[in-house]
Amino acid sequence: GVTIYGQEYDSTTAGLAKMNLVLHNKATGTIVTGNTLSSPKFKDGEALERFHFAVSNPPFSYKSWSNGVDVTGDVRFQGYNAVPPDKNGDFAWLMHFIYSLKPKKGKGAIILPHGVLFRGNKEAVVRKAIINKKLIKGIIGLPSNLFFGTGIPACIIVIDKENADSSEGLFMINASKGFIKDGNKNRLREQDIRKIVDVFNGQLEVPHYSRMIPYSEIEENGYNLNIPRYIDNGETEDIHDIDAHLSGGIPEQDIEALNEYWEVFPTLQDQLFEDYGRDGYLKIKVPGDEIRNTIYGNSEFKTYADRISDAFKEWKKSQWDKLNDIKQGDNPKAIIRDTANCLLDKFKAIPLIDQYDVYQCLMLYWEEAMQDDVYAIAYDSWEEGNEIEKEMAKKKDGTATGKMKSFEGRLIPKKLIVQEYFSEQQERINGLENDLEQTSLAMEELKEEHVGEEGLLLEAINDKGNITKGDLRKRIKEIKGDRDYTKEFEVLKEYQKLMDDEANYKAEIKKATEELEKLVFNHYKKLSIDEIKDLVVEKKWCSSIFGMINDIYENIPHHLTGRIEELDQRYEKALPSIEDEVADYENKVKSHLERMGFSW
């Protein structure tokens with residue numbers, strides 16, 4: 001029921017927008033080309049058309065925005081007590097955007113540089129007027145270096161005319177820290193996007209991330225909307241305690257800063273620390289090299305691990321039928337949306353783990369593998385699990401030889417088939433490969449021992465520094481029976497045996513691997529639908545996702561261990577003990593010098 005309109009200055013970008021509409025089955029959308037400020041194309045008679053919803057990503061700090069625009073007579077720029085500066089069009093875009101939304105109904109979001117939040121002069125006057133009209137529902141601060149063509153940080157300004165009268169403030173999010181490096185740019189991860197959406201839609205106040213800003217506070221700040229004025233980023237400096245360096249002990253406040261861990265593992269703090277003997281300072285109970293074992297050995301860590309495992313099992317149980325009953329015609333996007341929402345819900349009550357980190361595990365795996373699987377099943381059914389993708393061998397000129405070079409399962413990786421049905425064959429190959437590795441190592445050691453000057457293998461080595469079977473046999477034949485070369489003969493024979501063993505192992509591995517490949521290839525066609533579902537859903541999807549979640553869990557004790565070891569090493573020696581140690585070294589050096597006959 002939504003009709004789409006769009007206007008874009010660059011014809012290439014407009015063409016991409018049209019193509020995008022076709023790809024998303026919205027080909028009836030209308031995209032036109034032209035300058036949106038000076039020549040808006042969508043009109044209702046002589047007046048500009050106004051819309052229920054709008055999104056916009058205009059050019060930042062557009063200098064020639066006023067060309068062809070009658071600022072004084074244009075209705076878009078009235079009612080703000082000022083007009084945008086001649087050389088910066090950021091507020092011109094915002095004023096046009098606000099006007100383009102239907103009165104009392106329109107909602108929209110526009111991306112602009114951070115400067116619109118705090119710049120002064122004419123822009124400050126316009127900003128104050130917009131705030132007083134209560135048109136801004138929220139502001140979302142984004143990371144820097146996010147967009148091509150500029151490295152400056154941007155923000156999303158959300159406009160809501162429908163609920164403006166009842167607004168008591170605007171909701172602000174500082175999402176500047178949520179991103180991943182992607183080449184020379186930054187990129188929002190799925191978890192960053194989802195967190196922004198959840199927090200904004202729920203108007204959730206999250207420490208150091210989001211809060212509702214009352215208009216009274218904005219007025220006190222002179223209508224400056226610079227995000228750090230309202231939300232700090234939560235970064236605290238790791239300050240050294242001078243008194244601890246002078247008198248010893250670990251500052252109790254540094255241990256209290258780890259309180260989120262002690263709430264989950266209440267017995268661990270008493271296992272690790274005790275009073276130092278003066279107020280406000282503690283000492284480590286266990287030796288420094290035992291800190292890690294003490295933490296990892298704490299019984300509450302196992303209980304915590306069980307909580308994570310149980311949460312995942314609950315998610316899997318709730319989604320089991322949905323994932324196993326995917327059928328032709330199903331919507332993969334709806335499937336991932338529902339499963340992701342459920343995963344967020346199951347992990348929101350687990351302390352120390354950010355539910356959005358867990359969400360990212362699922363979404364990353366969805367992007368890497370699961371998405372292709374679900375689309376394939378929804379298009380061709382579970383019988384895709386019987387299918388194999390072949391890579392054909394080619395000649396040097398690139399033409400096909402007609403022979404298969406390798407293969408891989410369409411849905412099910414070969415390694416899963418091997419793991420489930422041919423583990424004994426794989427174990428035999430692994431054993432042969434281990435024997436081969438040991439044999440090659442023994443050859444290398446023997447060679448290193450006897451290739452130096454007058455080495456016993458020296459005569460068998462060719463100009464390239466290698467020992468071939470032919471050169472080895474030739475040398476053995478030359479010295480066979482000669483008592484003067486008995487020792488060399490023994491070493492050559494030992495090396496020859498190792499070479500023969502190496503060749504035999506390689507031949508056995510090749511033969512066993514080819515046999516295993518045939519077994520695996522033929523087994524794909526034998527898989528039943530139930531077997532395919534078990535391999536894909538349980539062994540592939542769920543196993544991979546839980547493995548990624550488990551990596552997050554393992555980082556928790558690792559991080560805690562690292563911090564406690566850091567504090568232990570930082571305050572391990574107080575200044576008096578260091579001075580005593582220095583004095584002791586000085587006395588030893590002085591004593592040595594005196595015994596050597598030096599005096600001063």
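Pull out all pairs, ordered by first then second residue, where Cβ-Cβ is under 7 Å, the residues are six or more apart or on different chains, the first lies in the stretch 423-446 and is in a helix (DSSP H, G or I), and the second is open to solvent by 60 Å² or more (accessible area, probe 1.4 Å) and of a type in the set (Lys, Arg).
Note: pairs meeting the criteria are Leu436/Lys506.
For a quick check of your reading of the model, give me the residue pairs whose first member lies in the stretch 359-379 and is modelled with pLDDT of 95 or more and among the hydrophobic types (A, V, I, L, M, F, W, C), whose second is open to solvent by 30 Å² or more (accessible area, probe 1.4 Å) and in a helix (DSSP H, G or I), with beta-carbon atoms closer than 7 Å and at least 6 apart or on different chains.
Cys361/Met548; Met363/Glu190
Those residues that are more than 19 Å from Leu268 (Cα to Cα) and among the acidic types (Asp, Glu), I need them from the stretch 290-329; list them, please.
Asp310, Glu314, Asp321, Asp325
Taking interchain pairs and intrachain pairs at least six residues apart, which have beta carbon atoms under 8 angstrom, with the first residue in the stretch 186-200 and within 15 Å of Phe347 (Cβ to Cβ) and hydroxyl-bearing (Ser, Thr, Tyr) and the second part of a helix (DSSP H, G or I) and open to solvent by 60 Å² or more (accessible area, probe 1.4 Å)?
none
Filter the strands (runs of 3 or more DSSP E) completely within the stretch 1-101 down to those with at least 1 residues that are surrounded by 12 or more Cβ atoms within 10 Å (Cβ to Cβ), over 36 Å from the mean Cα position of the chain (by Cα) and free of Cβ contacts under 8 Å to residues at least 40 places away in the same chain.
30-33
With respect to Ser299, is the statement that it is polar (S, T, N, Q) and open to solvent by less than 70 Å² (accessible area, probe 1.4 Å) true?
When the stated conditions are applied, Ser299 does not pass them.
Checking the condition of a type in the set (A, V, I, L, M, F, W, C) and farther than 30 Å from Met370 by Cβ, which residue from Ile545, Ile509 passes?
Ile509
Looking at Ile476, Ile467, which is the one that is over 30 Å from Gly409 (Cβ atoms), part of a loop (DSSP other than H, G, I, E, B) and open to solvent by less than 30 Å² (accessible area, probe 1.4 Å)?
Ile467
Tell me which helices (runs of 4 or more DSSP H) are completely within the stretch 306-383 and hold 2 or more residues being of a type in the set (Asp, Glu), or say none if there are none.
Output list reads 332-347, 371-380.
Look through the stretch 419-446, keep the residues that are among the acidic types (Asp, Glu) and farther than 30 Å from Lys526 by Cα, and return whichever of them is least open to solvent (accessible area, probe 1.4 Å).
That would be Asp435.
Of Asn293, Asn259, Asn324, which residue is touching a residue at least 40 places away in the same chain (Cβ under 8 Å), of a type in the set (S, T, N, Q), surrounded by fewer than 17 Cβ atoms within 10 Å (Cβ to Cβ) and farther than 30 Å from Phe118 by Cα?
Answer to the check: Asn324.
The values are calculated or read from the model by the stated rules, or taken from the named source; none is laboratory data. Values in this document were obtained by computation on a predicted structure and should not be read as measured data. Because the Cβ atoms are built from the backbone with ideal geometry, glycine has one as well, and the counts that use them run over all protein chains shown. Note: areas computed on protein heavy atoms with side chains; ligands, DNA, RNA excluded. Shrake-Rupley method; radii C 1.70, N 1.55, O 1.52, S 1.80 Å.
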